[in-house]
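Chemist: Sending over a structure as structure tokens; questions will come in a sec.
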Amino acid sequence: MQYRRFGRTELQMPVFSCGGMRYQHSWKDVPQWMIPAKNQENLDTTIKRAVELGINHIETARGYGTSEIQLGKVLPTFERDRIIVQTKVTPRQDSKEFLDTFNKSIKNLQLDYVDLLGIHGINTHELLDWTLRPGGCMDVVRDLQRQGRVRHVGFSTHGPTNVIVDTINTGQFDYVNLHWYYIFQNNWPAIAAAQKNDVGVFIISPSDKGGHLYAPPPKLVDLCAPLSPMVFNDLFCLSHSQVHTLSLGAAKPSDFDEHMKVLPLIEQADEVLPPILKRLKKAAIAALGETWYKTWDVGLPKPEDTPGNLNIPITLWLGNLMDAFDMTEYAAARYNLLGGGSHWFPGARADNLSSLDLSRCLQQSPHQDRIPQRLAEIHQRLAGAKVKRLSES
């Protein structure tokens with residue numbers, strides 16, 4: 001395993017973290033006695049395998065159903081200073097509710113303290129305010145730190161880049177969990193802000209939200225050869241020293257195996273990546289046209305500034321992935337989350353496109369005449385049953 005300094009926490013963080021949202025028994029809280037023995041055994045062996053590999057950062061959240069209570073059966077079996085444990089708690093208007101939730105988390109984990117506590121889902125400026133205003137959630141966290149129950153505080157986010165940058169620039173957070181990987185590089189300004197503020201950078205779900213890379217389409221497999229798409233994406237992320245760790249959402253012990261192939265390649269990234277990046281770019285331009293490839297996202301409105309709350313940037317982005325790399329299954333899964341993802345994945349699908357006048361909100365786009373038809377095509381190809389986030393399903 002390789003390790004990187006995790007910003008001002010000074011923790012030596014493994015370049016892979018064991019994310020805790022795929023190995024748990026249930027997305028709903030259920031009592032320990034209702035968890036089948038085989039499910040608990042799978043989690044135990046997954047965690048033990050992670051630590052054997054040097055992946056000593058175990059990451060979970062109060063919102064991950066039985067993840068915490070199941071981890072509470074295995075984490076206390078390790079020497080405490082051998083593991084780095086992170087859980088996450090959503091911000092609340094009432095900071096007492098935030099404290100009560102944290103107390104439930106640490107009781108479930110059967111630990112005296114957590115190394116990292118994340119404010120889970122600072123996706124809007126309102127949620128940032130709930131966190132930092134006098135008497136808010138951060139005041140609770142500072143008390144917990146004084147009590148020795150929390151070592152370092154960070155935040156996780158699925159929010160827009162400006163909200164992430166603003167949150168980092170408050171100087172109140174030691175690390176950030178955010179999305180950034182090959183198919184979605186929008187948040188680079190936030191990573192740059194993190195580097196400037198000496199904030200640790202944890203990449204959320206690079207293999208799942210990063211493209212369902214555990215089941216990639218044949219075209220993407222060919223374009224990424226001789227690496228698998230998963231190994232390529234890991235290497236792409238870790239070739240940037242500003243990135244400290246990638247979350248591996250392991251569902252079973254063997255899920256780590258493919259990722260381990262990246263480790264000997266990190267020092268060779270400057271040689272290995274360029275030919276693959278060149279092929280991916282060439283394929284995208286061939287499918288989309290060079291002008292669209294370079295300028296499709298110029299001048300696009302935010303969902304809140306768009307009739308029908310339509311999320312035009314996300315819809316067009318997913319259409320690009322579908323046409324350039326045959327990522328239809330991934331694109332459909334994400335597209336059909338629109339309308340059911342709240343502030344975690346905001347905006348709506350193009351269901352009511354024919355009744356919307358987009359002319360004003362598209363005035364700044366060089367493709368204003370083309371976009372409505374493009375949205376209609378994408379909707380026709382991707383629309384299916386609407387879905388909810390896993391934690392709400």
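Chemist: At R0 = 56 Å, how high is the FRET efficiency between residue 32 and residue 225 if r is their beta carbon distance? Nearest 0.05 is fine. Mind dumping the intermediate values first?
Modeler: Details: r = 45 Å, r/R0 = 0.81.
E(calc), rounded to 0.05, equals 0.80.
Chemist: Can you list the residues, at least 5 places off or on another chain, whose amide H is less than 5 Å from the amide H of residue 155, using H built in the peptide plane?
Modeler: It is 119, 175, 176, 177, by chain and number.
Chemist: A further question on this structure: My understanding is that a pair violates if its Cα-Cα distance is over 19 Å; which of 219/294; 196/302; 28/107 do that in this structure?
Modeler: Working: 219/294 22 Å; 196/302 27 Å; 28/107 17 Å.
Beyond 19 Å between Cα atoms: 219/294; 196/302.
Chemist: Rank by packing, highest mean first: peptides 46-58, 350-362, 201-213, with packing defined as the count of other Cβ atoms within 10 Å averaged across residues.
Modeler: In decreasing order of mean packing, 46-58, 350-362, 201-213 become 201-213, 46-58, 350-362.
Chemist: Just to check I understand the Karplus step: with θ = phi - 60° and J = 6.51 cos²θ - 1.76 cosθ + 1.60, what whole-Hz values come out for region 128-139, glycine and proline as x?
Modeler: Each residue of region 128-139 in turn: 5, 5, 4, 6, 9, 5, x, x, x, 4, 5, 4 Hz.
Chemist: Here's something else I'd like to know. Which residue fluctuates the most in the chain, going by a Gaussian network model with Cα springs under 10 Å, if the choices are 252, 38, 28?
Modeler: 38
Chemist: Which of 189, 36, 372 moves the most in a Gaussian network model of the chain with Cα springs under 10 Å?
Modeler: Between 189, 36, 372, it is 36 that shows the largest mean-square fluctuation.
Chemist: Hey, can you grab everything whose amide H is under 5 Å from the amide H of residue 5? Only 5+ residues off in sequence or another chain; H modelled, so Pro and N-termini drop out.
Modeler: Correct list: 13.
Chemist: What is the set of long-range amide H partners of residue 246 at a cut-off below 5 Å, with H atoms built 1.01 Å from backbone N?
Modeler: When sequence neighbours closer than 5 places are left aside, the close amide H contacts are 16, 17, 203.
Chemist: Something else: Pop out the carbon and sulfur fraction of the accessible area of region 89-195 as a percent, whole number, probe 1.4 Å.
Modeler: Numbers: 1940 of 4210 Å².
C and S atoms contribute 46 percent here.
Chemist: Now for a separate question. Please work out the C-alpha center-to-center distance from region 168-185 to region 222-269 and express it in whole Å.
Modeler: 19
Chemist: Based on C-alpha coordinates, I'd like the Rg and Dmax of region 262-336, in Å.
Modeler: 15.8, 49
Chemist: Can you tell me the length gained on complete extension of the stretch residue 261 to residue 328, counting 0.36 nm per residue apart and subtracting the Cα distance?
Modeler: Values: separation 67, 0.36 × 67 = 24.12 nm, distance 2.67 nm.
Here the segment from residue 261 to residue 328 would lengthen by 21.4 nm.
Chemist: Taking +1 at the Cβ of each Lys and Arg and -1 at the Cβ of each Asp and Glu, which of 153, 313, 283 sits farthest along the dipole of the chain towards its positive end, judged by Cα position relative to the Cα centre?
Modeler: Toward the positive end, the furthest listed residue is 153.
Chemist: Hey, another quick one. How long is the gain from residue 12 to residue 143 if the chain were fully straight, where each residue apart is worth 0.36 nm and the alpha carbon distance is subtracted?
Modeler: Working: separation 131, 0.36 × 131 = 47.16 nm, distance 2.51 nm.
That pair, residue 12 and residue 143, stretches by 44.7 nm at full extension.
Chemist: Using 0.36 nm per residue of separation minus the Cα-Cα distance, give me the extension gain between residue 376 and residue 170 in nm, one decimal. All intermediate terms of the calculation are to be shown ahead of the outcome.
Modeler: Details: separation 206, 0.36 × 206 = 74.16 nm, distance 4.07 nm.
Using 0.36 nm per residue and subtracting the Cα-Cα distance, I get 70.1 nm.
Chemist: With each label point set 7 Å from Cα along the Cα-Cβ vector, what nm distance links residue 343 and residue 293?
Modeler: 3.8
Chemist: Still on this structure: Express the accessible area of region 236-340 per residue in Å², computed with a 1.4 Å probe while the remaining protein chains stay in the model.
Modeler: On the way: 4450 Å² over 105 residues.
Here the residues of region 236-340 average 42 Å² of exposed surface.
Chemist: Right, another one. Taking θ = phi - 60°, what integer Hz values does the Karplus form 6.51 cos²θ - 1.76 cosθ + 1.60 yield along region 315-326, in sequence order, with x for Gly and Pro?
Modeler: Running phi through 6.51 cos²θ - 1.76 cosθ + 1.60 with θ = phi - 60° gives 4, 5, 4, 5, x, 4, 5, 5, 6, 7, 10, 6 Hz.
Chemist: Related question: Counting only protein heavy atoms, what percent of the accessible surface of region 4-59 is carbon or sulfur at a 1.4 Å probe? Don't jump to the answer; show the numbers that get you there.
Modeler: Numbers: 1320 of 2480 Å².
Carbon-and-sulfur percentage of accessible area, whole number: 53.
Chemist: Which value, in Å², gives the accessible area per residue of region 39-106 when a 1.4 Å probe is used on the protein heavy atoms?
Modeler: Values: 2540 Å² over 68 residues.
I get 37 Å² per residue for region 39-106.
Chemist: I want to check the label-to-label distance for residue 196 and residue 48. Put each point 7 Å from Cα in the C-beta direction and report it in nm to one decimal.
Modeler: 4.8
Chemist: Counting just the Cα atoms, what span does region 1-98 cover along each of its three principal axes? Round to the nearest Å and put the largest first.
Modeler: 39, 37, 21
Chemist: Right, next: Sum -39500 (n - 2.57) across every DSSP H segment of at least 4 residues in the chain, then divide by the residue count to get the 222 nm mean residue ellipticity, nearest 500.
Modeler: Rounded to the nearest 500, it is -11500 deg cm²/dmol.
The values are calculated or read from the model by the stated rules, or taken from the named source; none is laboratory data. Here the structure is a predicted model, which means the values were calculated and not measured. When we count neighbours, we look across all protein chains shown, and the Cβ atoms used for this are built from the backbone with ideal geometry, even at glycine. Side chains included, ligands, DNA and RNA excluded: accessible areas come from the protein's heavy atoms. Shrake-Rupley method; radii C 1.70, N 1.55, O 1.52, S 1.80 Å.
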